[in-house]
1. For a quick check of your reading of the model, give me the residue pairs whose first member lies in segment 4-19 and is in contact (Cβ under 8 Å) with a residue 24 or more places away in the chain, whose second is surrounded by fewer than 16 Cβ atoms within 10 Å (Cβ to Cβ) and among the charged types (D, E, K, R), with beta-carbon atoms closer than 7 Å and at least 6 apart or on different chains.
2. Across segment 6-57, which residue is surrounded by the most Cβ atoms within 10 Å (Cβ to Cβ) among those that are basic (Lys, Arg) and assigned to a loop (DSSP other than H, G, I, E, B)?
3. Would you tally the residues in segment 59-94 being out of contact with any Leu (no Cβ under 6 Å at 6 or more places or on another chain) and either in a helix (DSSP H, G or I) or at pLDDT 80 or above (or both)?
Amino acid sequence: MKKIKILHLITRFIKGGADENTLLSILGLKDKYDITLGFGCEYDINMINKLENKGIKIKVFSLKHNSVISSLRSIFEISFYLKKETSTIASSFLLARLIPRKSNRQFLPLAGNLFLI
C-alpha cells in the first residue's frame, strides 16, 4: 500500500521545545507516512542528520525567524513548492492560512493547522 505523503512546515529546526517535539513526532510517524520536513534557513545539522539517516526528506526554504520580508517571500516560495508537490496532507504553524491560498491548490482544513491537499 502506498504511504500518504505529509509535508510538515516549521519556521526553523533547532534544538528546542517545538523543534524537538517535531523531530520526535516525525520519527514516530515515519513508518506509516511518507514525510517531508520543510523549514527555514536556521537549523541544527545534527537534528537534520537524525532525520536523513531515518529516510525523512528535507526541504530548506529561505524563511528567516522573525523576519517579515523573509516571511512574505517564503509564502511564494512554499506556495510554488506546493504547486508541484504531491503531498496529501500539509501540517504547518507557519503562515498557515496564507500558504494554501497562494498555492492555488484546494486545501481542506482538517484540524488546527492540518490541511488535506
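The values are calculated or read from the model by the stated rules, or taken from the named source; none is laboratory data. Nothing here was measured: the structure is a model prediction, and the numbers come from that model. Ideal geometry is used to build each Cβ from the backbone, glycine not excepted, and the neighbour counts take in all protein chains shown.
1. Correct list of pairs: 12/42; 14/42.
2. Filtering first and then ranking leaves 12.
3. Selection size over segment 59-94: 18.
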